[in-house]
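The structure appears below as structure tokens.
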Amino acid sequence: MIYQKYVDFYIQQYKTGEIKFNKERIELVEYLEKYILIRDDIYFNDKMIDDCISYGEKWFFPLNPFQKFLIAFVFLFFKKNNRPFYRKHFWFFGRGGGKNGLLSVVLNFLQTELHGIREYHISIVANSEDQAKTSFEEIYNTVKRNKTLQKAFEYGKTVITSKKTDSKIKFRTSNGDTKDGLRDGAVAFDEVHRYESNKDVKVHISGLGKKPNPREFYTGTDGYVREGFLDSLKEKAKRVLNGTSRPNALFPFMCSLDSEDQVNDSDNWELANPMLHKPLSDYAEGLLETILEEYDDLEEDPANREEFMTKRMNLPVVDLERSVASREEIMATNRPFPELEGREAIGCLDYASLRDFAACGLLFKQKEDYIFKTHSFVRKNFADIYYGYSRKATEERKERFAPIREWEKKGLLTVLDEPSMDPKHIIDWFVEMRYLYGVNKIVADNFRMDLLKPMFEAEGFEVVIIRNPRAIDSLFAPRIENAFANNHMIFDDNPLMRWYTNNVLVKTKPDGNKEYSKKEHVRRKTDGFKALVAGMYCIDEIENINIEDAFDVLDEIEF
């Protein structure tokens with residue numbers, strides 16, 4: 001076993017009941033005791049840990065036990081080469097928990113001769129310049145008000161340099177003013193919930209490794225970008241904690257409520273924000289008062305509940321009066337398709353505009369499961385304007401709101417470079433699908449069907465037009481909600497279809513009926529989901545049989 005006083009103290013606080021841990025921190029303790037603290041090939045550099053803590057408390061602010069715990073693992077090393085055991089650190093907890101302050105202490109310390117690596121340059125990266133400057137400006141202001149630190153650092157509005165080590169700290173936006181500016185020793189990514197993919201991250205860590213002891217820090221609270229970088233980081237953290245990933249792939253310190261109902265007892269709030277551990281510091285007392293006021297305000301303004309739960313309690317919740325399904329239910333659609341070849345399906349379509357998106361689909365029914373296979377078409381000009389489809393990776397603005405290029409590579413959509421969408425693409429897709437599946441009927445609402453109906457019929461398809469699409473929303477909403485709630489909806493691994501579904505706004509009308517709309521009318525498309533709803537209109541008409549099997553039976557009968 002290896003021991004470290006700040007690590008042992010923090011774990012002991014939990015085990016004696018002095019502080020509360022959420023599920024992920026309980027799992028962290030179990031993981032550390034099972035995989036890390038039993039090793040004899042690693043060691044805590046106690047001197048460097050003490051130096052960092054002393055530096056932070058002398059020049060910045062008093063540090064809490066959880067912050068000292070986190071600092072300890074920044075300076076956990078392999079014995080054989082004195083390299084950090086953890087290269088990546090994930091600090092993830094509720095707003096107000098002091099992530100930026102701790103980042104300021106650690107990053108500034110890494111510049112100093114106490115860390116002892118020359119030209120150990122550091123970049124602080126965020127989606128906006130204001131956020132990227134948060135920790136930088138804290139370091140800048142700390143140096144500015146202390147004459148002793150002014151002797152140790154050259155400090156300006158864009159770069160802070162250690163005079164002894166020549167180590168520089170800069171702030172950068174995630175869309176990058178340069179890829180290769182500094183040969184960084186460490187990179188810190190702030191507010192990671194805003195990243196839609198790992199593309200920006202990869203650009204900024206590409207220079208790591210040229211200096212000894214490279215480190216990456218990922219900090220933030222939860223947010224509203226789903227299927228993005230944060231979700232993949234959380235999945236990686238789970239794999240580390242449950243032992244299915246390399247033990248030192250990531251150091252995951254994750255704090256949140258375990259369930260939504262825990263929010264009603266303020267004693268549980270420390271599950272999401274370790275700053276609220278008792279005894280409360282002066283800062284924590286002020287923070288608690290602020291959070292209590294925000295919680296009380298929810299009674300009069302419940303619309304802010306989603307923001308409060310996501311940012312303060314680090315637990316995104318979905319208002320089921322406004323969303324089709326919870327995050328977990330949407331993710332549960334990611335199951336492999338069963339064998340579908342030869343099975344009967346309802347063809348369905350959403351083609352409201354010739355100038356942006358169109359979604360085609362095949363809806364199958366097997367017992368209680370609804371299986372939806374879909375393909376979309378997107379006009380290039382629309383994708384360029386609203387998603388940055390054609391922008392080069394080096395340009396300041398990249399694909400935003402939806403990774404169209406990534407979905408195109410997966411074969412989930414086709415980008416069409418034409419002034420308006422030629423309906424023949426849609427007809428051809430259904431004709432191609434007919435070679436594989438039993439699809440003879442196409443269902444769609446009345447938008448554009450005056451154009452498409454004759455073309456479908458010329459190919460031998462039967463066309464069913466829904467004259468009042470809002471009425472079928474109310475008709476099928478209970479069935480659709482039940483399918484999601486009981487994991488009977490299958491999309492295969494289709495992030496585009498999950499995106500469509502997540503973008504749907506459910507409006508409850510005064511008569512209690514529900515209507516499907518959009519959470520945002522331009523960028524957040526719902527076409528694939530609307531095609532699914534159209535398919536529900538005729539799904540009960542298909543038989544749960546395999547057409548090819550039926551023909552095989554007929555072949556064996558002697559007439």
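No lab work stands behind these numbers, since they all come straight from the coordinates. The model shown is predicted, which means the values in this text are computed figures rather than measured ones. Backbone-built Cβ (ideal geometry, glycine too); neighbour counts: all protein chains shown.
Compute the Rg to Rh ratio over the stretch 433-544 from the alpha carbon atoms, using the Kirkwood formula for Rh, and round to two decimal places.
0.97
Cα gyration tensor of the stretch 237-317, axes a ≥ b ≥ c as square roots of the eigenvalues: rounded (a/c below 1.5), prolate (a/b > b/c) or oblate? Spell out each step's value before the answer.
Numbers: a/c = 2.98, a/b = 1.66, b/c = 1.79.
It comes out oblate by the Cα gyration axes.
So what are the stretch 5-261's ellipsoid semi-axes, whole angstrom, largest first, if each one is the square root of 5 times an eigenvalue of the alpha-carbon gyration tensor?
On the way: eigenvalues 146, 95, 67 Å².
Its equivalent ellipsoid spans semi-axes of 27, 22, 18 Å.
With angles folded into 0 to 90 degrees, how steeply does helix 46-59 sit against the dominant principal axis of the chain? Use alpha carbons for both and round to 10.
90
What percent does the relative contact order of the chain come to when contacts are Cα pairs within less than 8 Å and at least six residues apart?
Contact order relative to length: 13 percent.
Just to compare against my own numbers: the Cα pair-distance distribution for the stretch 329-452, 5 Å bins, whole % per bin, please.
Taking every Cα pair in the stretch 329-452, the percentages come to 2, 10, 18, 20, 18, 15, 10, 5, 2, 0.
For the stretch 29-35, what does the Karplus curve 6.51 cos²θ - 1.76 cosθ + 1.60, with θ = phi - 60°, yield as ³J(HN,Hα) per residue in whole Hz, taken in order and with x for Gly and Pro?
4, 4, 5, 4, 6, 8, 10
How tilted is helix 527-536 with respect to the longest principal axis of the chain? Cα atoms for both, answer in degrees (0 to 90, nearest 10).
Between helix and principal axis, roughly 40 degrees.
Quick one: helix 65-74 against the long Cα principal axis of the chain, what's the angle to the nearest 10°, folded into 0 to 90?
The angle comes out at about 80 degrees.
Report which label in [x] 26.5; [y] 24.3; [z] 23.7 holds the value of Kirkwood radius over Cα pairs in Å derived from the coordinates of this structure.
So the structure-derived entry is [x].
Between the alpha-carbon centers of the stretch 321-359 and the stretch 268-285, tell me the distance in whole angstrom.
Measuring centre to centre over Cα atoms gives 43 Å.
Obtain the nm distance between the two label points defined at residue 455 and residue 409 by a simple spin-label model: each point lies 7 Å from its Cα along the Cα-to-C-beta direction.
Calculated label separation equals 3.0 nm.
Put one equal scatterer on each alpha carbon of the stretch 327-541, apply the Debye formula with no solvent term, and list log10 I(q)/I(0) at q = 0.10, 0.14, 0.18 1/Å to two decimals.
Values, matching the q order: -0.42, -0.85, -1.41.
Could you estimate the translational diffusion coefficient of the stretch 1-149 from the Stokes-Einstein equation, with Rh from the Kirkwood formula over C-alpha pairs, at 37 °C and 0.692 mPa s, in whole µm²/s?
Roughly 196 µm²/s, to the nearest whole number.
Just how many pairs of Lys in the stretch 407-529 have C-alpha atoms closer than 13 Å, counting pairs that are eight or more places apart or on different chains?
Qualifying lysine pairs in the stretch 407-529: 4.
Give me the log10 of I(q) over I(0) for the stretch 154-282 at q = 0.17 Å⁻¹, as the Debye formula computes it from C-alpha points; what are the numbers?
-1.08
What are the trypsin sites (Lys or Arg not before Pro) within the stretch 307-368 that DSSP puts in a loop, where the Cβ has at most 13 other Cβ atoms within 10 Å? Each step should come with its number before you reach the end.
Working: sites: 311, 312, 322, 327, 343, 355, 365, 367; in loops: 322, 355, 367.
Hits after loop and neighbour filter: 355, 367.
Would you kindly state how much longer the chain becomes between residue 331 and residue 266 on full extension, computed as 0.36 nm times their sequence separation minus their alpha carbon distance, in nm to one decimal?
Between residue 331 and residue 266, full extension yields 20.4 nm more.
For the stretch 277-375, what Kirkwood radius comes out of the mean inverse Cα-Cα distance, in Å?
Averaging 1/r across every pair of different Cα atoms and inverting gives 18.2 Å.
List the residues, sorted by chain then number, that are 5 or more residues from residue 171 or on another chain and whose placed amide H is less than 5 Å from its amide H.
It is 124, by chain and number.
Tabulate in residue order the Karplus-calculated ³J(HN,Hα) for the stretch 201-214, using 6.51 cos²θ - 1.76 cosθ + 1.60 with θ = phi - 60°, rounded to whole Hz; enter x for Gly and Pro.
Running phi through 6.51 cos²θ - 1.76 cosθ + 1.60 with θ = phi - 60° gives 4, 4, 4, 7, 9, 5, x, 5, x, 7, 10, x, 6, x Hz.
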